[in-house]
Amino acid sequence: MAISLQEITPDNFQTAIDLRVRPDQEHLVAPVVKSLAEAYVHQGIAWPRLICDDGEAVGFLMGFFDIDWTGRGTDFRSGLWRLNIADGQQGRGYGRFAVHSVADEIRRRGGTRLTTTWHPGADGPAAFYLALGFQPTGETSGDQTVGVLAVN
């Protein structure tokens, strides 16, 4: 396996927006096209990337950097905004690679923690994030659980 990240370009845009999670997970994560629209309006904050294995797109991630979390100018956070692993590609380490890649970028930028959110419940990805070491903060963002991972 040669897992890598690729920037979204005109050459791979269609591949990115064609990426789909399992049908039973569609309610848990926004489609890639919405993420790319958000990245467009949050340039400099959003970090969208394709996850590729030997050149084949197997997932999508979008990190974020220095978001004013509360809107009060006192709590700036960086983390994983979106993670979509393609239908049929889960359980192969791509999600773990994505989280580690965002952690590496946060560390490179001088950060010490990675924030993410997930839908609670039996069908959500809580077990995945908790197994990676995320700690729930007790906060919610909309209807999602907020978790933090130390990256220093």
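Key figures for this structure:
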{"quantity": "Residue-count net charge about VAL148 - beta-carbon cut-off 10 Å; Lys, Arg +1, Asp, Glu -1", "calculated": "+1"}
{"quantity": "Distance between modelled label sites at PHE128 and ASP104, nm, 7 Å Cα→Cβ extension", "calculated": "1.9"}
{"quantity": "Choice from THR116, THR70, THR140 showing the highest fluctuation, given a GNM over the chain with Cα pairs closer than 10 Å", "calculated": "THR70"}
{"quantity": "Long-range amide H partners of ARG92 with built H, under 5 Å", "calculated": "none"}
{"quantity": "GNM result for the chain, Cα springs below 10 Å: residue of ILE67, ILE51, ILE106 fluctuating most strongly", "calculated": "ILE67"}
{"quantity": "Per residue, in Å², the accessible surface of the chain once ligands and nucleic acids are set aside, probe 1.4 Å", "calculated": "53"}
{"quantity": "Label-to-label distance, nm, for residues given as ASP68 and HIS42 (7 Å Cα→Cβ offset)", "calculated": "1.4"}
{"quantity": "Hz values of 3J(HN,Hα) by residue in the range 72-86 - Karplus curve (6.51, -1.76, 1.60), Gly and Pro given as x", "calculated": "10, x, 10, 9, 9, 10, 10, x, 9, 8, 8, 9, 10, 9, 4"}
{"quantity": "Carbon + sulfur, % of accessible area of the range 1-116 - ligands and nucleic acids excluded, 1.4 Å", "calculated": "49"}
{"quantity": "Residues whose placed amide H lies under 5 Å from that of VAL151, excluding near-sequence neighbours", "calculated": "ARG113, LEU114"}
{"quantity": "Cα gyration tensor shape for the range 76-152, rounded if a/c is under 1.5, else prolate or oblate", "calculated": "oblate"}
{"quantity": "Length-normalised contact order for the chain - Cα pairs under 8 Å, 6+ apart - percent", "calculated": "19"}
{"quantity": "Between 0 and 90°, nearest 10: helix 94-108 axis offset from the chain longest Cα axis", "calculated": "50"}
{"quantity": "In nm, spacing of pseudo-spin labels at ALA2 and ILE17 (7 Å Cα→C-beta vector)", "calculated": "2.9"}
{"quantity": "Nearest-ten-degree value, helix 32-41 long axis tilted from longest Cα axis of the chain", "calculated": "50"}
{"quantity": "J(HN,Hα) series, the range 49-58, from Karplus relation 6.51 cos²θ - 1.76 cosθ + 1.60, nearest Hz, glycine and proline x", "calculated": "8, 7, 9, 10, 10, 6, x, 8, 5, 10"}
{"quantity": "Read-out log10 I(q)/I(0) by the Debye sum over Cα atoms at q = 0.11, 0.16, 0.17, 0.18 Å⁻¹, derived from the coordinates shown; its label in (1) -0.58, -1.00, -1.07, -1.13; (2) -0.58, -1.07, -1.15, -1.23; (3) -0.39, -0.88, -1.00, -1.14", "calculated": "(3)"}
{"quantity": "³J(HN,Hα), Karplus 6.51/-1.76/1.60, whole Hz, each residue of the range 111-124, x for Gly, Pro", "calculated": "x, 10, 8, 10, 9, 8, 10, 8, 6, x, x, 4, 8, x"}
{"quantity": "Expected 222 nm ellipticity per residue - DSSP helices of 4 or more, -39500 (n - 2.57), all of the chain, to 500", "calculated": "-7000 deg cm²/dmol"}
{"quantity": "Around ASP11: net Lys/Arg minus Asp/Glu count, Cβ-Cβ under 15 Å", "calculated": "-2"}
{"quantity": "Within the chain, percent of DSSP bridges classed antiparallel, to nearest 5", "calculated": "95"}
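The values are calculated or read from the model by the stated rules, or taken from the named source; none is laboratory data. Remember, predicted model here, so these are calculated numbers, not experimental data. Heads up, the Cβs are rebuilt from the backbone with ideal geometry, glycines too, and the neighbour counts pull from every protein chain shown. Only protein heavy atoms, including side chains, enter the accessible area calculation; ligands, DNA and RNA are left aside. Shrake-Rupley method; radii C 1.70, N 1.55, O 1.52, S 1.80 Å.
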